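Single-structure report; data block below.
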2 protein chains.
Amino acid sequence: MGSTLPNIAEMSNGRHSRRDYERLDRDDGLAPCRQHFQLPEGVVYLDGNSLGPLPVSTPGRLQQLLLEEWGTGLIRSWNEAGWIDAPTRVGDKIAALVGAATGEVVVTDSTSVNLFKLLAAAVSLRGGRPVVLTEVPNFPSDLYVAGGLEALLGARCELRVVERSEVPARLGDDVAVLMLTHVDFRTGEVHDMAALTHAAHEAGALVVWDLSHSAGAVPVDLHGCDVDLAVGCGYKYLNGGPGAPAYLYVAERLQSSLTPFLAGWMGHEDPFEFGNRHRPAGGVRRFLCGTPPILSMAALETAIDLWAGVDLDLAWEKSRGLTSSFIELLESRLPRGGFEIVSPRDSASRGAQVSISHPEGYRIMRALVDRSVIGDFRPPDLMRFGFAPLYTRFVDVWDAVQNLVEVMEGEEWTRPAYATRLTVT
Amino acid sequence: MGSTLPNIAEMSNGRHSRRDYERLDRDDGLAPCRQHFQLPEGVVYLDGNSLGPLPVSTPGRLQQLLLEEWGTGLIRSWNEAGWIDAPTRVGDKIAALVGAATGEVVVTDSTSVNLFKLLAAAVSLRGGRPVVLTEVPNFPSDLYVAGGLEALLGARCELRVVERSEVPARLGDDVAVLMLTHVDFRTGEVHDMAALTHAAHEAGALVVWDLSHSAGAVPVDLHGCDVDLAVGCGYKYLNGGPGAPAYLYVAERLQSSLTPFLAGWMGHEDPFEFGNRHRPAGGVRRFLCGTPPILSMAALETAIDLWAGVDLDLAWEKSRGLTSSFIELLESRLPRGGFEIVSPRDSASRGAQVSISHPEGYRIMRALVDRSVIGDFRPPDLMRFGFAPLYTRFVDVWDAVQNLVEVMEGEEWTRPAYATRLTVT
């Protein structure tokens, strides 16, 4: 197999040497952002679409939170250290990344729990239109959430899962809400948020977008697209740490008409009244439920603060540049047989992720990880590589392809150890 | 007012001097546990029923998690650092504190979200019996959760809130589930879990207990009481940190027949299958939903590990001793007018908390906090003091009462600044 590859030393035409990629890094206006992340020496980390790396500032912030705020301030820190306002304060910072306004985003719970809240509210608001419309390739956990709501509500909710191409045509007058994930977690394909939101509105439906694979990676313009509802994850491109709290967005125009059925004390108009009737807070805070995890919230806020001052247009441009050059290198250097690039070639339709399929993708990825090139694998045969604009270098692109070529040439992936499936893959 | 008090120096009869309380600390077999907590010098912390203090081991554990597991291990730590098993691993440790078996408790989400899951499952299992029966003095957020479910399900769920004394009589054949909080957060009164669970079962209903104010403070014997379902909080007597993840318990005999309507990828039988249909995991893990906050989870686990080797009977005995001596001192030293001890005098009916009412309770508590005696206030007039067995000293009991006496004698609480309500009180 290796013998079909061109000699690497001869590939210095165009941008086909590592030095060319070093040059791209030198010209990268966002290159200084990488120093804000602790990335292990020698590791090519291309899995920020699954778990973003540790910001350098996070351990210090957590020590401060633990020793000063919790350890010394104790219960008083709910006021004095601003814990009580963290869900809206961090929400407002995320709003700036996704084209939302102040007061439209809160951080709390998980993406799945937040999606449940918004779907339940949307189905209730559009009473008589029971359908949650979505597509087969949507993120599985989002399908599970909608399926759970359907099972709970019986005839009042119907989950309708159709092929991607059928979505616009199936926006009938029975649809309460169109539920889509902005960037496909398998292929990296980006939906046309503006067009699909418009189509949903034309049909009298609301729309809820899952931004888990787009916020922090590609442009998101919730207001520009007139989006009703959205949810998203804190631990992928937002670098909030494993299981970081998630966020939800509700357009200001809808906030007072949506019911928070997951009603908890933090979403009460006056949480410390301790009355027996839930009076939902005005604004998006009504979608808080129980007490959010403050340690994990602080780690997320520290990570979000790294975006302050970042030129977002430059960030999205860099993401596209990284994925485009990865695809170019793959096309010029990968052996022909077995591999297929499943991500869109058109960079405007692509998230910050490139997925390639191979029948032995699982074993190949295991071999890459053992070479410290970290992507991940999704069944049945997808190897995924994420390119986050704040810390991924152009040389990482080169090194990833170089290692992939070597893994195939040396047939490392055939080692018996790689046949065993890990729990988390 | 002060003139009606006996002279403090003369009160050395019985256990009425600080030296007597120092002696109790010297005889306390659990006194060494206090060194495992970072309690600020000079602070009398009696608010562990709202937020437990920082374990000394937590900052080091979090640094290890941040720098080694997240920073260096990155995505690999889901396997290699055991993040994926944390909800059940920590759950099993909590099970040992509440009389449950291995495989019956998971840690995830908030108490409110977990309660929603279990109520929805219970109402569904007992189809045709729509009532969630509870009592007026139940924890407000629990009432909000049940009210939210009622609002979502319409006629299929009816929240029935009755006076405490009426609960047994209202267990009719329309009741799906009896929902109670084990220890009353206002008065500290403990329900008879065995008797009420038995009464619910006799009526064909399930029972869900909220253990937030009991686990880690008083005996809880879920198996001994044949309890069906329970939820509880990680940040009060379990010392997991602000907003620590909560836990839920499902008796093994019920696990396979209860539906997880908040269905997410972590509760799937094979989360990494990424299939489009949710197949609930066997066992209690099916009640996981989204990804839990691993940083907050690690802090909780570190705190739970402090219970290893603790003689639980001794801990509950110490709690009772602390609250009993606090009540004795209050009765002998507090001025007559204005104060009322609202917690039960019978220590078997009392949690690890003593509440006293006073029309000016809010201002008096503010004055106490300014003297570094930290309890809290609950409307309309309750001052609450929590006595956690692992770190509260008998001299704390003395010092709290001494400061309360001085606040009343010196009329400190009348200062204008104490009239202002803080956001969190």
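The values are calculated or read from the model by the stated rules, or taken from the named source; none is laboratory data. In this text the structure is predicted, and so the values were computed from the model without any measurement. With ideal geometry, Cβ positions are generated from the backbone for all residues, glycine too; neighbour counts draw on all protein chains shown. The protein model used for the area step is the full one, side chains on, heavy atoms only, and it has no ligands, DNA or RNA in it. Shrake-Rupley method; radii C 1.70, N 1.55, O 1.52, S 1.80 Å.
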Based on DSSP, what percent of beta bridges with both residues in the protein assembly as shown are antiparallel, to the nearest 5?
55 percent
If you project the alpha carbons of the range A:17-144 onto their three principal axes, what span does each projection cover, largest first, in Å?
62, 50, 27
Mean Cα-pair separation over length for chain B, i.e. relative contact order, pairs under 8 Å, 6 or more apart, %
22 percent
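Restricting to Cα atoms and excluding each atom paired with itself, what does the Kirkwood estimate give for the range A:176-225 in Å?
On the way: mean 1/r = 0.0897 Å⁻¹.
It works out to 11.1 Å.
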log10 of Debye I(q)/I(0), alpha-carbon scatterers only, for the range B:339-382 at 0.14, 0.19, 0.33 Å⁻¹
-0.35, -0.60, -1.13
So for R0 = 56 Å, FRET eff. of A:H198-B:E163 from the Cβ-Cβ r, to 0.05, ends up at 0.55
Using a 7 Å offset from Cα along the direction of the beta-carbon, what are the separations from B:E328 to the same position in each other copy, nm, ascending?
8.3
Search the structure for amide H atoms under 5 Å from the amide H of A:D210, placed 1.01 Å from N in the peptide plane, and list their residues when 5 or more places away or on another chain.
A:L180, A:T181, A:H182, A:V231
Could you bin all the Cα-Cα distances of the range B:287-425 into 5 Å bins starting at 0 and give me the percent of pairs in each, rounded to whole numbers?
2, 9, 17, 19, 16, 13, 11, 8, 5, 2, 0
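My understanding is that a pair violates if its Cα-Cα distance is over 20 Å; which of A:K236/A:K318; A:K93/A:K236; A:K93/A:K117; A:K93/B:K117 do that in this structure?
Values: A:K236/A:K318 17 Å; A:K93/A:K236 16 Å; A:K93/A:K117 22 Å; A:K93/B:K117 31 Å.
The pairs that break the limit, which is 20 Å between Cα atoms, are A:K93/A:K117; A:K93/B:K117.
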For the residue pair A:A96 and B:E340, what label-to-label distance in nm results when each label sits 7 Å from Cα along the Cα-to-beta-carbon direction?
5.2 nm
Taking Cα atoms, the helix B:111-125 axis meets the longest principal axis of chain B at an angle in degrees (rounded to 10) of 50 degrees
For B:N276, which inter-copy label distances result when the label point lies 7 Å beyond Cα on the Cα-to-Cβ vector, reported in nm to one decimal and in ascending order?
4.7
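For the interface of chains A and B, what total accessible area is buried with a 1.4 Å probe, rounded to the nearest 100 Å²?
Values: alone 17600 and 17600 Å², together 27950 Å².
Its buried surface, counting both partners, is about 7200 Å².
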Expressed as a whole percentage, what fraction of the accessible surface of chain B belongs to carbon and sulfur atoms when a 1.4 Å probe is rolled over the protein heavy atoms?
49 percent
In nm, to one decimal, how far is the modelled label at B:A155 from the one at A:E68, with both set 7 Å along Cα→Cβ?
5.9 nm
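Note down the net charge around B:H268, summing +1 for each Lys or Arg and -1 for each Asp or Glu among other residues with Cβ under 12 Å from its Cβ.
Values: positive: B:R277, B:R279, B:R285, B:R286; negative: B:E269, B:D270, B:E273.
Residues close to B:H268 contribute a combined charge of +1.
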At 1.567 mPa s and 4 °C, Stokes diffusion of chain A via Kirkwood alpha-carbon radius, µm² per second:
57 µm²/s
At A:R415, with labels set 7 Å past Cα in the Cβ direction, how many nm apart are the copies from this one, shortest first?
6.7
Work out which residues of the range B:231-248 lose at minimum 30 square angstrom of accessible surface when the other protein chains are put back, relative to the chain isolated, with a 1.4 angstrom probe, and list them by number.
B:Y235, B:P242, B:G243
Can you give the three extents of the C-alpha atoms in the range B:134-272 along their principal axes, from longest to shortest, in whole Å?
48, 36, 30
Between the Cα axis of helix A:86-98 and the main Cα principal axis of chain A, the angle (0 to 90°, nearest 10) is 50 degrees
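How would B:L238, A:L39 rank on accessible area, largest to smallest, probe 1.4 Å? Each step should come with its number before you reach the end.
Numbers: B:L238 0, A:L39 30 Å².
Of B:L238, A:L39, the descending order of accessible area is A:L39, B:L238.
Please compute the contact order of the range B:113-157 in relative form: average sequence separation of alpha-carbon pairs under 8 Å and at least six residues apart, divided by the residue count, as a percent.
Details: 27 pairs, mean separation 22.1, N = 45.
Relative CO of the range B:113-157 lands at 49 percent.
Taking each pair of distinct Cα atoms in the range A:223-345 once, what is the resulting Kirkwood hydrodynamic radius in Å? Show your work: numbers first, answer last.
Numbers: mean 1/r = 0.0548 Å⁻¹.
By the Kirkwood definition, the hydrodynamic radius is 18.3 Å.
In square nanometres, what is one fourth of the surface area of the convex hull spanned by the alpha carbons of the protein assembly as shown?
So the mean shadow area of the Cα hull is 35.2 nm².
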Rounded to the nearest 10 degrees, the helix A:312-333 long axis (Cα) sits at an angle to the longest Cα principal axis of chain A of 40 degrees
Spin-label proximity, B:D311 to the range B:337-365 - amide N less than 12 Å from point 7 Å beyond Cα toward beta carbon
none
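So with the 1.4 Å probe, I'd like the accessible area per residue for the protein assembly as shown, rounded to whole Å².
Averaged over the residues of the protein assembly as shown, the accessible area is 33 Å².
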